[in-house]
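This report refers to the structure that appears directly beneath it.
Bear in mind that the values in this text are calculations on the coordinates, not laboratory data. Everything numeric in this text was worked out from a predicted model, so none of it was measured. Please note: Cβ atoms are built from the backbone with ideal geometry, for glycine as well, and neighbour counts cover all protein chains shown.
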Amino acid sequence: MDSARAHDLRTVLSGDDIARASRRIAHEIVEKAKGASDLVILGIPTRGVFLAQRIAAAISDIEGVEVPVGSLDITLYRDDLRMRPPRALEETSIPASGIDDRIVVLVDDVLYSGRTIRAALDALNDVGRPAAVRLAVLVDRGHRELPIRPDYVGKNIPTSATEQVLVRLNELDGRDAVEIADGGHA
Amino acid sequence: MRHLLSAGDLDRDAALLILDTAAEMSALSDRSVKKLPTLRGRTVVNLFFEDSTRTRISFELAAKRLSADVINFAAKGSSVSKGESLKDTALTLEAMGADAVVIRHWDSGAPYRLAHADWIGGSVVNAGDGTHEHPTQALLDAFTMRRHLREGKGDLRGVRVGIVGDVLHSRVARSNVLLLQTLGAEVTLVAPPTLLPIGIEHWPCEVSYRIDDVLPKVDAIMMLRVQSERMKDAYFPTAREYSRLYGLVGERMRLLPEHAIVMHPGPMNRGMEISAEVADSAQSVMVEQVANGVSVRMAVLYLLLGGAKELSA
């Protein structure tokens with residue numbers, strides 16, 4: 001990243017904020033599901049997978065049981081495949097227990113147009129039939145293009161469409177932060 | 001990538017992208033719903049001038065699992081048997097809106113001609129041309145080797161592969177040598193001198209005439225089919241002699257290291273290049289090769305057709 005662009009970055013969530021938000025989301029998930037026994041947490045690659053793992057670990061801390069966690073790649077279900085060059089696929093790993101009659105919590109880093117989640121719902125449909133599907137996101141930046149809303153939100157951050165929301169996670173980027181880049185350079 | 005004509009056209013990154021994509025596709029085939037919406041509305045034509053059941057079925061299944069519409073066009077009993085040229089067949093398919101043509105042809109180079117003659121706008125996939133190439137077979141072989149010998153990740157650096165049999169008529173051998181070289185494997189071809197093509201010394205591989213010398217030193221051994229339909233001259237005295245000198249029988253198989261896998265592109269001639277004991281042994285991975293073929297062809301079709309047309313050109 002060049003320095004001119006770095007200058008336009010502002011941090012909206014620090015590492016501590018992210019940790020607190022994921023813990024709170026974990027509590028909310030358990031509260032709503034009345035326990036952790038039926039839960040399956042599925043992250044959407046790339047960063048949603050790491051957030052899913054953190055939330056699952058937090059739920060295990062709270063409830064004292066292991067929560068099945070996996071990843072769900074939605075590339076093959078995207079509605080914009082024909083507008084871009086073919087993309088490499090990410091890993092899909094569904095826990096061995098399956099998702100039938102479970103409460104599936106989808107986890108993504110940023111909720112924007114809602115199209116990723118629509119694709120994820122289609123993908124889930126081919127994997128099994130959950131009792132319920134819920135959605136947890138670290139950042140809801142608005143600008144929905146489909147009737148989709150999150151059940152658990154780390155932080156609502158109103159943005160303009162030209163801005164970029166950048167989520168940095170320790171597992172990939174060596175630090176935890178959510179930053180907003182001015183659209184002028186994006 | 002717009003066409004897949006030769007295994008030699010793939011650089012290491014492109015080959016690994018196909019293998020990694022195939023790995024994800026193969027995970028999908030364990031699901032109860034084995035269908036993806038990815039190529040909905042796209043049309044794939046299987047244009048088969050030469051008989052082939054397994055390759056055609058494999059491509060057909062791959063296209064259908066990705067929700068593409070599939071048209072099977074066999075030369076026998078079609079306009080081709082009435083004397084239609086490749087060009088006119090191609091123009092017909094283009095007029096019908098084929099997004100990809102999977103072609104198997106008895107002439108080496110036919111897929112290249114189809115891809116470069118400006119007759120059709122879609123992608124061309126070589127499903128075997130004459131004695132030239134069969135790139136998706138090489139990809140599925142590499143995929144199978146990677147799964148057994150490299151835990152399904154990365155390239156094949158240091159993997160030693162023996163390819164035994166009718167190299168002269170084998171498009172499988174040529175494609176495999178090219179792809180395996182790209183992926184860093186070391187290939188030794190084993191055949192009687194009469195079944196090696198002219199210019200073999202320029203291929204990026206070793207050549208041996210004695211199978212027993214090679215077996216103890218390989219991680220994978222690939223037995224090629226003796227293609228009697230292409231054997232118009234006398235390449236070896238008798239089938240029995242070939243089988244005795246080059247056939248993989250149980251006793252020979254025990255020369256292989258314990259971890260080594262036995263491969264065959266199919267269809268096999270049991271009792272000729274491979275004995276029933278070997279074909280049915282635990283080291284043989286032929287059934288898995290068939291399953292992997294579907295995954296690899298799904299990956300190829302997705303990477304050729306899944307994205308925007310203008311950009312992938």
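In the protein assembly as shown, taking the dipole from charged Cβ atoms about the Cα centre, the farthest positive-side position among B:MET25, A:LEU9, B:LEU36 is held by B:LEU36.
Calculate the mean, over all residues of peptide B:15-23, of how many other protein chain Cβ atoms lie within 10 angstrom of the residue's Cβ. Please list the in-between numbers first.
Working: counts 0, 1, 3, 0, 0, 4, 6, 1, 2.
Mean partner-chain Cβ count within 10 Å for B:15-23: 2.
Taking every residue in A:124-136, how many Cβ atoms of other protein chains lie within 10 Å of its Cβ, on average?
Details: counts 0, 1, 8, 4, 3, 0, 0, 0, 0, 0, 0, 0, 0.
Averaged over the peptide's residues, the number is 1.
Helices in chain B, meaning DSSP H runs of at least 4 residues, each add -39500 (n - 2.57). Divided by all residues, the mean residue ellipticity at 222 nm is -11000 deg cm²/dmol. In the range B:135-285, taking the dipole from charged Cβ atoms about the Cα centre, the farthest positive-side position among B:PRO257, B:HIS169, B:ALA138 is held by B:ALA138. The length gained on full extension between A:ASP16 and A:SER37, counted as 0.36 nm times the residue separation minus their Cα-Cα distance, comes to 4.7 nm. Backbone phi angles across the range A:87-98, fed through the Karplus curve with coefficients 6.51, -1.76 and 1.60 (θ = phi - 60°), yield HN-Hα couplings of 9, 5, 8, 9, 6, 10, 9, 9, x, 4, 5, x Hz in residue order; Gly and Pro are listed as x. Taken as Cα centroids, the range B:87-119 and the range A:55-71 sit 54 Å apart, rounded to the nearest whole angstrom. Among the listed pairs B:LYS35/B:LYS76; A:LYS155/B:LYS34; B:LYS153/B:LYS217; A:LYS34/A:LYS155, a Cα-Cα separation exceeding 32 Å is found for A:LYS155/B:LYS34.
Specify whether the C-alpha gyration tensor of the range B:135-285 places it in the rounded, prolate or oblate class, a ≥ b ≥ c being the square roots of the eigenvalues: rounded for a/c under 1.5, otherwise prolate if a/b is larger than b/c and oblate if not.
Numbers: a/c = 1.67, a/b = 1.23, b/c = 1.35.
Oblate, because a/c is 1.5 or more while a/b does not exceed b/c.
Among DSSP bridges having both ends in chain B, what percentage is antiparallel? Round to the nearest 5.
Details: 1 of 36 bridges.
DSSP beta bridges in chain B are roughly 5 percent antiparallel.
Using C-alpha pairs below 8 Å separated by at least 6 residues, the relative contact order for chain A is 25 percent.
For B:ILE274, the residues whose modelled amide H falls within less than 5 Å of its own, excluding neighbours fewer than 5 places apart on the same chain, are B:LEU248, B:ASN269.
Look at the dipole of the protein assembly as shown built from charges on Cβ: of B:SER228, A:SER93, A:VAL167, the Cα furthest out on the positive end belongs to B:SER228. Whose amide H sits under 5 Å from the amide H of B:ALA74, counting only residues 5 or more places off or on another chain, with H placed in the peptide plane? When sequence neighbours closer than 5 places are left aside, the close amide H contacts are B:PHE48.
With the gyration tensor restricted to C-alpha atoms of the range A:3-185, the semi-axes of the equivalent ellipsoid amount to 26, 20, 14 Å, longest first.
Shown in residue order for the range A:164-174 are the 3J(HN,Hα) couplings computed by the Karplus curve 6.51 cos²θ - 1.76 cosθ + 1.60 at θ = phi - 60°: 10, 9, 10, 9, 10, 10, 3, 4, 10, 10, x Hz (x for Gly and Pro). Rounded to the nearest 0.05, what FRET efficiency is calculated for A:ASP122 and B:SER79 with R0 set to 41 Å and r the Cβ-Cβ distance? Between A:ASP122 and B:SER79 the formula returns 0.55.
Here chain B is assigned +1 on the Cβ of each Lys and Arg and -1 on the Cβ of each Asp and Glu. Its dipole about the Cα centre then comes out at about 620 debye.
Efficiency by 1/(1 + (r/R0)^6): what FRET value for A:THR162 and A:ASP79, r their Cβ-Cβ distance, R0 = 30 Å, to the nearest 0.05?
The calculated FRET efficiency here is 0.85.
Between B:THR53 and A:GLU91, the modelled label-to-label distance comes to 3.9 nm, taking each label 7 Å out from Cα in the direction of the beta carbon.
Each of A:ILE148 and B:ILE198 was given a label point 7 Å from its Cα along the Cα-to-Cβ line. The distance between the two points is 6.2 nm.
Under a model in which nothing but the beta-carbon of Lys, Arg (+1) and Asp, Glu (-1) is charged, the range A:3-185 shows a dipole of about 380 debye around its Cα centre.
Note on the range B:134-179: Cα-only Rg and Dmax are 10.9, 32 Å.
Put a plus charge on the Cβ of each Lys and Arg, a minus charge on the Cβ of each Asp and Glu, and nothing anywhere else: the dipole of the protein assembly as shown about its Cα centre is then about 760 debye. Under 5 Å between amide hydrogens, built in the peptide plane, is the criterion, and for B:SER123 it picks out B:ALA100, B:VAL101 among residues at least 5 positions away or on other chains. Once you reduce the range A:118-163 and the range B:150-170 to the center of their Cα atoms, the two points are 45 Å from each other.
Taking 8 Å as the Cα distance limit and 6 or more residues as the minimum spacing, I'd like the relative contact order of the range B:135-285 as a percentage. Write out the running numbers ahead of the final one.
Values: 268 pairs, mean separation 34.9, N = 151.
In percent, rounded to a whole number, it is 23.
Taking every DSSP helix (H) stretch of at least 4 residues in chain A, weighting each as -39,500 (n - 2.57) and dividing the sum by the residue count yields a mean residue ellipticity at 222 nm of -9500 deg cm²/dmol. Distance between the modelled labels on A:THR46 and B:LYS87, one decimal in nanometres: 4.9 nm (7 Å Cα→Cβ projection).
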